[in-house]
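The values are calculated or read from the model by the stated rules, or taken from the named source; none is laboratory data. Nothing here was measured: the structure is a model prediction, and the numbers come from that model. Glycine also receives a Cβ, built like all others from the backbone with ideal geometry; neighbour counts cover every protein chain displayed.
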Amino acid sequence: MEQHVTPLHSKTVLKTMRRATDFMLNNVRQAGGFVWIQELDKSRRWGEIEASESMLWMQSPGTPAVAQTLLNSFSATGDRYYLEAAQSLAAAIIRGQQPSGGWHYFIDFAGPASTDKWYATIGSKAWRLEEFHHNHNNATFDDGATIDAAMLLLRLQLIEPNPQTEQALNRVIHFVTESQFDNGGWPQRYPKRAPYSFKGLPDYSNYLTLNDDVAIENIKFLLGCYLLLDRPDLEQPILRAINVFLRLQVSDQQPGWALQYDENLNPGSARSYEPSSLSTTTTVRVINWLMDFYNLSGEKKFLAPIPDSIDWLQSLKLPDTLITDHRHFPKTVAVGTGEPQFLHRRGSNVDNGNYFHDQNPTATLVHYGSVTELDLDQLRQRFDEVRDQKPTNLLKDLYQTKRHAIKTALIKHHGGLSQSLGWGEERISMDGCYRLASKPATAAAAVAELREDGSWPLLTGFYTNPAGQPGEKLSGLPSPLFYSSTNVGDNSDTSTYCNGPQRLVISTSHFIHNMQLLMDSLTVDPLIN
C-alpha cells in the first residue's frame, strides 16, 4: 500500500534541511564558498588537494556543486532562503572569474602571491597530481572547473535574472566559443601560455581534449544556451563540436578514440602516467555520444563508425594470464601495436620518482587503473535500437517546440537539461575516497545523523601529508618499487590518499548526498518517526 507524506514528516525534513544548510553557510563556508573537506576544528581543509583558508574550490563537489544543491532545495521547498544562499555563492564565483571568462580549479582571493606560494609548497610536491605542479595562470575545462560554474550561472539566470549573472554568463559563453578550435574541439586550458614541460614531456594543456568529458560538457552548455537564451548563433559551434568526433577516430585499423590529441590530431600524451594511446573507456563514451549526436542531428554519418569500433573493442579482451581484478579489458592500448599499457611507478616522490608502462599486469598503479570492464553487449543493444529508430533533427525540433519544457526541467533540477536530451545526469559530485565512507541510505537516517549544531560529520580517511617534510632518497628505499602500488609516496608527497587517519570531518559531498535524500523524501520516502 502506498504511503503518503504527512505534515509532520514534511516539517521534520524541512527543519533538518534548514539546520544543515545554516551550519554549512555559517560555520563551513570560507572565502565566500566551499572546498571539499574541512577538519572539525578548521585546522586543515582540502579540495582535490590541500587548500588554504583564502581558497574556494571549483571542481565538484566544491562551490558550484553546493550551489546547485541549494537551487535543487529551492525547487523542492519553494523557500527563497536557498535561492539567496545559492546567489551568494555565485557572487563569490563571479568575483573569481578570470578576465578570459573561465575559471581555474580553485579561486584564491588572497591574490597571486598566495597562489604562487601554494604551488611552490603544496601543488608542486603532489607526486601523482601533476596538473598542480605548475601554475599556468589561465582557466581550465578539466574536471568541469569552468563548465560547472557556467551551468550554475545559466540556471540562476533562468530562475531569477539579474545583470551581474547575465554579464558573467555572457563572458563564459564568449570564453567557450573563443577557445574552441577551428576544427570544433577544445583545449584543456585557455588562453594558451608558454609551453611547460614536465620531465621532458610535451605540454598537453593546449591539446584537443576529450578526457574528463571536456568536449561533451562544453557541448551541453552551448546547447543549453542555444535553446534557453535564444542564441541561434551558437548552432554552428555546436555542429562543429559534434562533427570533430568523426575526425578523431584514430584509424581503420584502430577505430577508437584517445584522451587527447596533439596539433596534428594524433593521440597525445598528457600526465607522465598517460602515455600516447587509445582509450577503451573513452571509446565507449564516444560511441554513446555519437548515438546522441545522431538523435540530435538526424545524420546517419554519426552511426557509421560504431560497428567497427565495437568489434575493435571486443578484440582487445585480455588473455586469462593478464586479467586482474576480474576486469577483462585494458584501459589504454598503444598506438599502432595495440598492446595493453600496464602502468607503474618507481621512486618515492616527485623529485626522484617516475612513471612507466610495460606488459607486466602486477604491481600497477592504484590511483590510475590499467584495466577496466566494458559492457559491449549493452553497447551493441543500444546501437541496434538507435539504428532502427526513425531519424530526427532534435536540434531543430528542440529549438522550435520544446524550449519551455527544457527550461522548466533545468529550473527544477540541475540535471534537467541532460535528462531532457536523454544524455543522463549532470555531474555534481566526484566520489573518490568517499566510496569508502558509509553514508545514510534513507532520509530517516540522515535526520537521525544530524548533530545538535546542524552538522553532518563524515568518518573518512581522506588525507594528505603536511607540506614541507623532507623526502626519502632512492638509496634508502627497500626497493625502487616500494611505493609502486600506493596512493601516496613518502612524507614529502602532498597527494591526497584514502587510507589516512580515520576521523570525523565536514564534507560537501556528504552534505549534497544527505540533502538530496531529504528532498527525495518530500514526495516518496516512508514516514520518519
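Which residues, counting only those in segment 260-298, are part of a loop (DSSP other than H, G, I, E, B) and over 21 Å from residue 181 (Cβ atoms)?
Residues satisfying the conditions are 271, 272, 273, 275, 277, 298.
Count, please, the residues in segment 237-259 that happen to be buried (at least 18 other Cβ atoms within 10 Å of the Cβ) and assigned to a loop (DSSP other than H, G, I, E, B).
7
Run down 308, 292 and say which single residue is out of contact with any strand residue (DSSP E or B) (no Cβ under 9 Å at 6 or more places or on another chain), crowded, with 18+ Cβ neighbours inside 10 Å and under 30 Å from residue 237 (Cα atoms).
Step by step, each of 308, 292 is checked, and only 292 is out of contact with any strand residue (DSSP E or B) (no Cβ under 9 Å at 6 or more places or on another chain), crowded, with 18+ Cβ neighbours inside 10 Å and under 30 Å from residue 237 (Cα atoms).
When the residues of segment 188-225 are filtered to those that are part of a strand (DSSP E or B) and either of a type in the set (A, V, I, L, M, F, W, C) or surrounded by fewer than 19 Cβ atoms within 10 Å (Cβ to Cβ) (or both), which remaining residue is modelled with the highest pLDDT?
208
Show me the helices (runs of 4 or more DSSP H) entirely contained within segment 39-142 in which 2 or more residues are under 19 Å from residue 168 (Cα atoms).
Because the criterion is at least 2 residues that are under 19 Å from residue 168 (Cα atoms), the helices (runs of 4 or more DSSP H) in segment 39-142 that meet it are 63-77, 80-95.
For segment 279-288, does any single residue satisfy the condition of being farther than 18 Å from residue 379 by Cα and surrounded by fewer than 19 Cβ atoms within 10 Å (Cβ to Cβ)?
The answer is no; no qualifying residue exists.
Would you check if there is a residue in segment 226-234 being at positive phi and either surrounded by fewer than 20 Cβ atoms within 10 Å (Cβ to Cβ) or out of contact with any strand residue (DSSP E or B) (no Cβ under 8 Å at 6 or more places or on another chain) (or both)?
Within segment 226-234, one or more residues are at positive phi and either surrounded by fewer than 20 Cβ atoms within 10 Å (Cβ to Cβ) or out of contact with any strand residue (DSSP E or B) (no Cβ under 8 Å at 6 or more places or on another chain) (or both).
Does segment 144-187 hold any residues that are over 24 Å from residue 412 (Cα atoms) and in a helix (DSSP H, G or I), and which are they?
Selection gives 171, 174, 175, 176, 177, 178, 179.
Residue pairs, Cβ under 6 Å, 6 or more apart or interchain, first in segment 402-425 and within 14 Å of residue 74 (Cα to Cα), second of a type in the set (Lys, Arg) and modelled with pLDDT of 90 or more. List them.
410/155
Considering only segment 270-293, state which residues are of a type in the set (Gly, Ala, Ser) and within 30 Å of residue 418 (Cα to Cα).
Of everything in segment 270-293, those that are of a type in the set (Gly, Ala, Ser) and within 30 Å of residue 418 (Cα to Cα) turn out to be 270, 277, 279.
Condition check: of a type in the set (Ser, Thr, Tyr), in contact with a Pro (Cβ under 7 Å, 6 or more places away or on another chain) and within 26 Å of residue 221 (Cβ to Cβ). Does residue 73 satisfy that?
No: the conditions fail for residue 73.
Among the candidates 335, 350, which residue alone is farther than 15 Å from residue 257 by Cα, in contact (Cβ under 8 Å) with a residue 60 or more places away in the chain and part of a loop (DSSP other than H, G, I, E, B)? Spell out how you get there, then give the answer.
On the way: 335 fails: farther than 15 Å from residue 257 by Cα.
That would be 350, the only listed residue that is farther than 15 Å from residue 257 by Cα, in contact (Cβ under 8 Å) with a residue 60 or more places away in the chain and part of a loop (DSSP other than H, G, I, E, B).
Which pairs turn up if I take residues in segment 104-125 that are in contact (Cβ under 8 Å) with a residue 40 or more places away in the chain and among the polar types (S, T, N, Q) and look for partners that are in a strand (DSSP E or B) and surrounded by 14 or more Cβ atoms within 10 Å (Cβ to Cβ) with beta carbon separation below 6 Å, at least 6 apart in sequence or on another chain?
114/108
Are any of the residues in segment 439-459 among the β-branched types (Val, Ile, Thr), modelled with pLDDT of 90 or more and crowded, with 20+ Cβ neighbours inside 10 Å?
First, pick out the residues of segment 439-459 that are among the β-branched types (Val, Ile, Thr): 442, 447.
In the following step, the residues that additionally are modelled with pLDDT of 90 or more were identified as 442, 447.
Checking which are crowded, with 20+ Cβ neighbours inside 10 Å leaves us with 447.
Taking every residue of segment 439-459 in turn, at least one turns out to be among the β-branched types (Val, Ile, Thr), modelled with pLDDT of 90 or more and crowded, with 20+ Cβ neighbours inside 10 Å.
Only one residue in 50, 84 is out of contact with any strand residue (DSSP E or B) (no Cβ under 8 Å at 6 or more places or on another chain), buried (at least 18 other Cβ atoms within 10 Å of the Cβ) and at pLDDT 95 or above, so which one is that?
None of the other options fit; the residue is 50.
I'd like the full set of residues that are within 18 Å of residue 142 (Cα to Cα) and more than 20 Å from the chain's Cα centre (by Cα), limited to segment 246-266.
Across segment 246-266, the qualifying residue is only 262.
Would you confirm, using the coordinates I've provided, whether residue 475 is farther than 25 Å from residue 368 by Cα and without any contact (Cβ under 8 Å) to a residue 24 or more places away in the chain?
So residue 475 passes the test.
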